[in-house]
Amino acid sequence: MTDVMRVLKPGVFTTVQDLGRPNAVSAGVPTGGAMDRFAHRAANLLAGNEEGAATLECTLSAPHLQAVHSCLVALAGADFDPQVNGRPAPMWTGIFLSEGDELAFAGRRSGGRAYIAIAGGIAGDRWLGSLSTYMLVARGGMHGRQLLAGDVIAVAGGPLAPAISGRHLADRLRPDYHDHALPSIAGPHVRRLDAGGRKVLFGSPFKISRDADRMGYRLEGPVLDAPGEELLSFGLTAGAIQVPRSGQPILLMADHQTAGGYPVVAVVAGAAMPVAAQLLPGDEVSFTEVSVEAALRIRAAQRAALDSLIS
Amino acid sequence: MPAPRSTTRVRTHPLGDAALLAELGTRLDTALNTRAIALAAALKKRRDVRQAIAGYASVTVHFDPDQTTHDALTAAIKRLVTKRPPMAEPGRLHRIPVVYDGPDMDAVGAALGLSANEIVTLHTRPIYRVFLVGFVPGWGYLGPLPEELELPRRHVPRTRVPAGSVAIAGRQTGIYPLSTPGGWHLIGRTSVKLFLPDSDPPCLFRAGDRVKFFAAQS
């Protein structure tokens with residue numbers, strides 16, 4: 001382990017995340033992990049890491065960090081106007097920092113969650129097989145909590161040498177975070193909606209309410225009526241759009257409850273979840289119905305973009 | 001006459017592009033739940049399956065779309081459910097002491113026309129089954145609850161229910177493992193810890209376990 005960064009300012013809500021803990025679900029613990037897995041994976045690859053190494057997920061704003069050891073970093077996801085020693089620094093690019101360099105962010109320009117990867121992979125508490133921070137039980141990552149000023153970030157080991165600084169993901173290979181029409185697949189209970197309701201679901205704009213966090217987003221706007229017998233609880237997935245009795249849909253995100261009994265009328269395509277992860281309260285969102293095959297084609301294109309970074 | 005096993009129906013629905021929901025039925029039923037747990041266990045052994053979660057009467061399967069398709073996995077599930085399920089071993093029995101002094105005891109008694117003693121007698125009578133673990137860490141959906149105790153959920157959920165609260169709703173009962181919001185009726189509390197993050201496994205209950213409550217003094 002090598003200490004690489006000191007946290008001068010922590011940002012609004014910065015946590016350590018990796019690709020989560022899929023095997024914890026039998027204990028009722030969500031898989032969790034990075035909300036925008038494309039940005040998380042890309043940042044790691046740009047920093048020369050495995051895709052599953054831990055990164056910092058920075059919500060709404062990013063921390064002000066000072067390198068205490070030379071290191072290679074990469075920033076991906078939301079654009080919070082990154083700067084190194086006060087000069088603009090590129091996103092989606094491996095950047096070399098010397099000891100004493102400061103990485104700061106001038107302010108949010110677009111998106112909701114930025115990812116910082118550091119060569120070697122960020123170290124932290126491993127809980128149920130993952131470094132991901134899970135706030136509900138205060139485990140994983142930086143002692144189960146968000147970053148605080150004064151924290152020191154260490155890397156687990158591995159390549160600290162700046163051999164691949166300057167590696168870059170081309171513009172055209174990045175997700176279009178401004179396109180908030182999320183391709184989505186009809187869910188198991190879509191037939192509970194009448195024809196009008198289905199039209200509203202796949203077409204009308206909704207708004208992300210203030211009740212939006214890593215567990216899920218409550219949506220405002222049209223009310224959906226999905227009547228029928230109460231369902232027996234079943235296993236859920238991130239991206240599921242649930243309709244509770246109130247009719248205000250809920251989009252489940254990374255730390256979603258593992259089981260529930262509300263009708264699931266649609267599921268956002270896996271490849272569109274990075275865009276969903278960038279949404280903030282007040283943002284508009286809509287759902288475009290696509291087939292499973294179409295969703296898999298988008299997934300393959302996204303995978304090819306990441307593969308372009310693997311040398 | 002009960003249907004022969006070979007006609008066990010299963011319906012699958014896409015749950016996005018990398019998961020599906022396999023429904024074995026729509027009834028709260030121990031036999032269906034046993035089959036769901038067995039199906040999830042069989043599916044977990046497949047290389048193309050990342051995760052299989054048994055629900056009350058369903059299995060949610062997360063798969064690798066590079067290795068399989070919804071249709072191929074559906075065919076495999078149909079084959080698996082026609083097989084005779086392995087003899088379900090009786091789940092472990094947990095005996096849980098409960099102090100029946102919950103804040104909703106009076107309201108539950110009034111709604112059902114039962115005295116506090118009658119509620120305790122009814123609630124401690126069955127051996128409940130853990131139908132599934134989920135919702136929040138450590139939560140077990142227990143049932144079936146005696147019909148005499150059946151009540152819809154509270155109209156207004158509480159924003160905070162203390163950990164260890166014993167609650168009822170519909171034909172179900174459960175224990176809040178953590179301090180979370182909740183809409184069930186609180187009839188008691190237990191000192192048994194359902195979720196210990198640093199234990200292995202962290203969760204006391206497993207799907208298929210059995211639970212017997214008994215009245216304890218505070």
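What follows draws every value from the coordinates through simple rules; no lab data is involved. None of the values given here were measured: they were computed from a predicted structure. Here Cβ is always computed from backbone atoms with ideal geometry, including for glycine, and neighbour counts include all displayed protein chains.
Straight-line reach from B:Lys83: which lysines have Cα under 26 Å away, leaving out those fewer than 8 places along the same chain?
The reachable lysines, counting only those whose Cα sits under 26 Å from B:Lys83, are B:Lys44, B:Lys45.
Taking other Cβ within 10 Å of each residue's Cβ, how do B:Ile119, B:Ile187, A:Ile298 sort, fewest first?
A:Ile298, B:Ile119, B:Ile187
For B:Leu112 and A:Glu289, what is the calculated FRET efficiency with R₀ set at 41 Å and r taken between the beta-carbons, to the nearest 0.05?
It comes to 0.35.
Taking the Cα atoms only, what angle lies between the long axis of helix A:37-46 and the longest principal axis of chain A, rounded to 10 degrees?
Around 20 degrees separate the two axes.
Under unit Cβ charges (Lys, Arg +1; Asp, Glu -1), what dipole magnitude, rounded to 20 debye, does the protein assembly as shown have relative to its Cα centre?
1440
Within a 10 angstrom radius of the beta carbon, how do A:Phe234, A:Phe13, B:Phe135 rank from fewest other beta carbons to most?
So the ranking, lowest neighbour count to highest, is A:Phe13, B:Phe135, A:Phe234.
If you average 1/r over every pair of different alpha-carbon atoms in the protein assembly as shown and take one over that average, what Kirkwood value in Å do you get?
24.4
With springs connecting C-alpha atoms under 10 Å apart, model chain A as a Gaussian network and identify which of A:Ala300, A:Ala123, A:Ala238 has the largest mean-square fluctuation.
A:Ala300
For A:Asp211, which sequence-distant residues (separation of 5 or more, or a different chain) have an amide H within less than 5 Å of its own amide H, given hydrogens modelled in the peptide plane?
A:Arg218
Picking from A:Asp213, A:Asp225, A:Asp171, which is most flexible by a Gaussian network model of chain A using Cα springs under 10 Å?
Between A:Asp213, A:Asp225, A:Asp171, it is A:Asp171 that shows the largest mean-square fluctuation.
Would you mind ranking A:Met91, A:Met1 so that the residue whose beta carbon has the fewest other beta carbons within 10 Å leads the list?
A:Met1, A:Met91
If amide H atoms are built 1.01 Å from N in the plane of the peptide, which residues on other chains or at least 5 residues away come under 5 Å of the amide H of A:Thr288?
Residues meeting the amide H criterion: A:Leu182, A:Ser184.
Could you give the size of the charge dipole of region A:6-136 about its Cα centre, using +1 on the Cβ of each K and R and -1 on the Cβ of each D and E, expressed in debye and rounded to the nearest 20?
220
What FRET efficiency would be calculated for the residue pair B:Asp64, B:Thr30, taking the C-beta separation as r and a Förster radius of 30 Å, to the nearest 0.05?
Rounded to the nearest 0.05, the efficiency is 0.40.
Round to the nearest 0.05 the FRET efficiency obtained for A:Gln66 and B:Arg47 when R0 = 51 Å and r is the Cβ-Cβ distance.
Efficiency, rounded to the nearest 0.05: 0.65.
Could you state the orientation-averaged shadow area of the convex hull built on the Cα atoms of chain B, in nm² to one decimal?
About 14.0 nm², averaged over all directions.
What average number of partner chain Cβ atoms lie no more than 10 Å from the Cβ of the residues making up B:19-30?
3
Hey, in the GNM for chain B with a 10 angstrom Cα cutoff, which one of B:His155, B:His13, B:His70 fluctuates hardest?
B:His155
So if I place +1 on the C-beta of Lys and Arg and -1 on the C-beta of Asp and Glu, and nothing else carries charge, what would the dipole magnitude of region A:181-307 be about its Cα centre? I want it in debye, nearest 20.
In debye, rounded to 20, region A:181-307 gives about 160.
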